[in-house]
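Student: Take a look at the following structure, please.
Read the figures in this text as sums done on the coordinates, not as results from a lab. Predicted, not measured: the structure shown is a model, and the values here were computed from it. Ideal geometry is used to build each Cβ from the backbone, glycine not excepted, and the neighbour counts take in all protein chains shown.
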């Protein structure tokens with residue numbers, strides 16, 4: 001969700017809550033049916049009072065209290081992982097035993113507890129279930145290059161060179177400590193990414209033997225990024241073909257036998273790096289050919305109150321991320337199990353069906369191929385109270401949970417961290433809410449309505465959340 005430039009979430013400004021007609025969608029009212037006496041075939045029968053909406057909600061809460069798993073801790077393991085470090089997560093083992101890809105979502109990028117909880121989940125998935133690839137919603141080139149030199153850098157340096165600045169925080173540092181430690185074992189956790197957006201640090205071509213071309217690449221990257229943050233469509237079109245040709249020349253040089261030998265010498269333990277860099281350059285070519293123009297038009301049209309180009313840019317980006325993730329899973333690491341880190345909006349399975357969404361278009365999770373979806377598990381994370389930060393770092397109070405919402409039902413467990421599986425549930429009175437439209441807050445403040453079971457395989461709700469302790473201003477690499 002993070003953009004190289006600071007984009008306001010314009011769609012949210014026009015977000016309105018639809019007042020739904022049926023009480024089951026937004027069950028705040030009472031059903032006022034009165035008891036009555038009817039005569040049926042000569043027998044006097046008392047007609048029971050219809051169950052009120054409040055009673056139905058209480059039934060759902062009771063079911064959640066009885067069935068939700070209470071996670072004991074979200075604190076990552078900082079020392080040696082022991083056999084009892086993750087006993088409270090054992091319930092995930094039967095759910096994931098035949099799953100190759102686990103998607104870890106988040107309703108906001110700006111929640112400290114999400115970063116902590118997901119880091120601990122990643123440690124568990126890697127150490128106890130053999131998930132060896134972590135694919136981040138960040139640049140393919142940035143993450144791949146950082147992974148190749150992870151032993152030469154500190155955890156903070158790897159964090160700042162690999163992922164978007166919205167996650168640069170003290171709470172996510174344990175993940176990068178863990179990545180570095182695991183890189184020195186026989187079972188490393190491989191860091192990669194699936195995003196195609198321009199991200200700091202830009203490509204500088206230090207992996208090219210031809211340093212003249214490397215200098216051209218750095219100049220072209222700077223040019224492209226300046227067009228990306230601007231609104232000069234005419235000037236971009238004048239320079240577009242020249243930049244595309246530069247990327248094509250660099251791709252050809254990268255593929256040369258001489259440069260392949262150079263990469264093997266410089267990165268002997270990462271034979272896949274050449275393939276990852278080739279894909280990154282191909283992404284840059286597609287970016288220059290199509291996405292930059294869409295992005296510039298989006299910026300221009302948003303100022304005019306038009307949303308079409310903005311929505312086009314979202315669809316284009318998520319299609320590219322989807323293609324990259326499929327490619328990573330089938331071409332680069334075909335025998336590995338994946339953990340995918342991204343926003344709920346990107347990973348949920350039917351984003352275009354979400355009511356009240358500010359961008360009701362098919363995103364990555366919706367277009368993910370069915371054959372891979374069948375062997376995936378999609379976990380959505382939500383906050384029931386506290387504070388969250390947006391992508392610019394501005395802090396917002398999490399809105400009070402709506403009656404009958406996902407947050408309200410699951411927070412009834414009276415535990416700070418509650419998990420429910422949705423995928424393997426059969427409908428009954430107590431869990432009927434999973435099969436019906438329910439409200440939940442995106443970013444902790446924007447109400448959306450969707451059928452939980454259609455969107456996620458499981459949900460983790462965390463109470464009393466806080467903004468991250470950001471480290472994004474400690475480095476000149478930060479681009480907000």
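Student: Counting only C-alpha contacts under 8 Å and six or more residues apart, can you give the relative contact order of the chain as a whole percent? If you can, show how the numbers build up before the last one.
Tutor: On the way: 860 pairs, mean separation 123.0, N = 480.
Averaging sequence separation for qualifying contacts and normalising by length gives 26 percent for the chain.
Student: A follow-up question, please. Can you pull the one-decimal nm distance between simple spin-label points at residue 335 and residue 239, each 7 Å off the Cα toward Cβ?
Tutor: Those two pseudo-labels are separated by 4.6 nm.
Student: When all alpha-carbon pairs of the chain are counted, what percent fall beyond 42 Å? Walk me through the numbers on the way to the answer.
Tutor: Values: 23130 of 114960 pairs.
So the pairs more than 42 Å apart make up 20 percent of the total in the chain.
Student: How would you rank 189-198, 431-440, 71-80, highest first, on the average number of other Cβ atoms within 10 Å across their residues?
Tutor: Details: 189-198: 25.2, 431-440: 21.4, 71-80: 14.5.
Per-residue Cβ counts within 10 Å, averaged per peptide and sorted highest first, yield 189-198, 431-440, 71-80.
Student: How high is the relative contact order of region 226-350, given as a whole-number percent (alpha carbon pairs under 8 Å, six or more residues apart)?
Tutor: On the way: 70 pairs, mean separation 31.6, N = 125.
Computed over region 226-350, the figure is 25 percent.
Student: With the Cα gyration tensor of region 263-355 giving a ≥ b ≥ c as the square roots of its eigenvalues, does the rule (a/c under 1.5 for rounded; else a/b larger than b/c for prolate; else oblate) give rounded, prolate or oblate?
Tutor: Working: a/c = 3.61, a/b = 1.62, b/c = 2.22.
It is oblate, given that a/c is not under 1.5 and a/b is not larger than b/c.
Student: Is region 142-184 rounded, prolate or oblate when judged by the Cα gyration tensor, a ≥ b ≥ c being the square roots of its eigenvalues, rounded requiring a/c under 1.5 and prolate requiring a/b larger than b/c? All intermediate terms of the calculation are to be shown ahead of the outcome.
Tutor: Numbers: a/c = 2.16, a/b = 1.25, b/c = 1.73.
Because a/c hits 1.5 or more and a/b fails to exceed b/c, region 142-184 counts as oblate.
Student: Okay, next question. Let me test this: with uniform point scatterers at the alpha carbons of region 328-467, what is the Debye-based log₁₀ I(q)/I(0) at q = 0.09, 0.11, 0.19, 0.21 1/Å?
Tutor: At q = 0.09, 0.11, 0.19, 0.21 Å⁻¹ the computed log10 ratios are -0.28, -0.43, -1.19, -1.38.
Student: Multiply the residue gap between residue 181 and residue 75 by 0.36 nm, knock off their C-alpha separation, and tell me the result in nm, one decimal place. Walk me through the numbers on the way to the answer.
Tutor: Numbers: separation 106, 0.36 × 106 = 38.16 nm, distance 1.75 nm.
Full-extension gain reported as 36.4 nm.
Student: Continuing with the same structure: Compute the length gained on full extension between residue 219 and residue 352: take 0.36 nm times their separation in residues and subtract their Cα-Cα distance, giving the result in nm to one decimal.
Tutor: Full-extension gain reported as 44.0 nm.
Student: Please tell me the relative contact order of region 162-299 in percent, rounded to the nearest whole number, where contacts are Cα pairs under 8 Å and at least six residues apart.
Tutor: Numbers: 95 pairs, mean separation 34.5, N = 138.
Relative CO of region 162-299 lands at 25 percent.
Student: Sum -39500 (n - 2.57) across every DSSP H segment of at least 4 residues in the chain, then divide by the residue count to get the 222 nm mean residue ellipticity, nearest 500.
Tutor: Working: 18 runs with 188 residues, N = 480.
For the chain, the value works out to -11500 deg cm²/dmol.
Student: Here's another thing I want to ask about it. Quick check on region 208-327: take the gyration tensor over C-alpha atoms, sort the square-rooted eigenvalues as a ≥ b ≥ c, and tell me if it's rounded (a/c under 1.5), prolate or oblate.
Tutor: On the way: a/c = 3.36, a/b = 1.77, b/c = 1.90.
The shape class here is oblate.
Student: Tell me the angle of helix 211-228 to the major Cα principal axis of the chain, expressed in degrees between 0 and 90 and rounded to the nearest ten.
Tutor: 40
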